[in-house]
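Enquirer: Please read through the structure below; I'll follow up with questions.
The values are calculated or read from the model by the stated rules, or taken from the named source; none is laboratory data. These figures come from a predicted structure and were not determined experimentally. FYI the Cβ positions are ideal-geometry reconstructions off the backbone, even for glycines, and counts take in every protein chain you see. To get the accessible areas, we keep the full protein, side chains included, count just its heavy atoms, and leave off ligands, DNA and RNA. Shrake-Rupley method; radii C 1.70, N 1.55, O 1.52, S 1.80 Å.
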Amino acid sequence: MIKNKKERQIIMNRPPSLKRLEELIPLSHDHHHGLWLSMKIRTGFKKGIAPSRIKKYTDWFFENHLLPHFELEEMYVFPILGGENELVRRALREHRKLCRLFYAQQEIERNLVLIEEKLVSHIRFEERVLFEEIQKVATQEELEKVAITHQATAADIVAIDSWEDRFWK
């Protein structure tokens with residue numbers, strides 16, 4: 001008999017749940033939405049949806065959700081570890097690569113596949129590695145600044161479920 005959540009995760013071959021500091025939880029929620037974006041891209045391809053239709057959604061999501069998230073991380077989260085930290089440098093490289101893929105107007109299908117793959121990988125890295133390190137060294141003042149800034153930014157962001165063409169359904 002399975003006794004607890006951790007045991008169930010081990011049996012189901014899942015990593016244990018990560019403990020996230022309260023101030024970083026909203027960023028983890030953003031990451032969850034990014035994982036959903038990847039799922040929507042995969043589902044769109046499985047259903048034979050035209051890549052141009054998927055691209056319209058990914059462009060909207062990028063402009064309204066990912067870019068503000070990247071900016072918040074780069075201005076308030078990554079400085080906690082410092083610009084010379086190798087984990088931060090990796091995250092910044094991945095942000096730049098993802099931006100290039102989203103902005104690309106050629107080879108749309110190929111780039112959507114790459115976005116789907118690289119976004120999942122990037123989010124997993126930030127959640128499992130980078131944020132774990134940030135939690136070890138962040139001061140309460142730094143965490144509160146992240147939380148307050150995220151609240152202010154979130155108020156300006158277009159609702160995540162406001163896109164009408166739900167091609168993934």
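Enquirer: Tell me which of these Glu84 doesn't satisfy, since it passes every other one: (1) in contact with a helix residue (DSSP H, G or I) (Cβ under 8 Å, 6 or more places away or on another chain); (2) more than 30 Å from Arg166 (Cβ to Cβ); (3) not small (Gly, Ala, Ser).
Expert: (1)
Enquirer: For the structure I just gave you, tell me whether Ile123 is among the aliphatic types (A, V, I, L, M) and out of contact with any Leu (no Cβ under 8 Å at 6 or more places or on another chain).
Expert: The answer is no for Ile123.
Enquirer: List the pairs whose first member sits in the range 70-86 and is within 13 Å of Ile134 (Cα to Cα) and in contact (Cβ under 8 Å) with a residue 12 or more places away in the chain, whose second member is of a type in the set (S, T, N, Q) and part of a helix (DSSP H, G or I), and whose Cβ atoms are under 9 Å apart, counting only residues at least 6 apart or on separate chains?
Expert: As it stands, the answer is Tyr76/Thr149, since those pairs meet every condition given.
Enquirer: Return a yes/no flag: does the range 134-149 have any residue that is under 12 Å from the mean Cα position of the chain (by Cα), over 24 Å from Ala159 (Cβ atoms) and touching a residue at least 12 places away in the same chain (Cβ under 8 Å).
Expert: no
Enquirer: A further question on this structure: Consider the range 83-126. How many of its residues are of a type outside the set (A, V, I, L, M, F, W, C) and over 15 Å from the mean Cα position of the chain (by Cα)?
Expert: Matching residues across the range 83-126 total 13.
Enquirer: Now a separate question. Suppose we filter Lys47, Lys40 for residues that are among the basic types (Lys, Arg), under 15 Å from the mean Cα position of the chain (by Cα) and at pLDDT 95 or above; which single one remains?
Expert: It is Lys40.
Enquirer: Kindly check whether there is at least one residue in the range 98-117 that is in contact with a helix residue (DSSP H, G or I) (Cβ under 8 Å, 6 or more places away or on another chain) and either among the basic types (Lys, Arg) or modelled with pLDDT under 95 (or both).
Expert: no
Enquirer: Output the residues belonging to the range 37-57 that are of a type in the set (Lys, Arg) and assigned to a helix (DSSP H, G or I).
Expert: Lys40, Arg42, Lys46, Arg53, Lys55, Lys56
Enquirer: Just checking, which of Ala138, Ala147 is more than 15 Å from His69 (Cβ to Cβ) and of a type in the set (A, V, I, L, M, F, W, C)?
Expert: Result: Ala138 is the single residue among Ala138, Ala147 that is more than 15 Å from His69 (Cβ to Cβ) and of a type in the set (A, V, I, L, M, F, W, C).
Enquirer: Checking Phe61 against (1) free of Cβ contacts under 8 Å to residues at least 60 places away in the same chain; (2) open to solvent by less than 30 Å² (accessible area, probe 1.4 Å), which test does it fail?
Expert: Evaluating Phe61 over (1) free of Cβ contacts under 8 Å to residues at least 60 places away in the same chain; (2) open to solvent by less than 30 Å² (accessible area, probe 1.4 Å) leaves (1) as the failure.
Enquirer: Hey, among the residues in the range 8-36 that are part of a helix (DSSP H, G or I) and at pLDDT below 55, which one's nearest to the chain's Cα centre (by Cα)?
Expert: Gln9
Enquirer: Among the residues of the range 25-34, write down those that are hydrophobic (A, V, I, L, M, F, W, C) and either in contact with a helix residue (DSSP H, G or I) (Cβ under 6 Å, 6 or more places away or on another chain) or loosely packed, with under 15 Cβ neighbours inside 10 Å (or both).
Expert: Ile25
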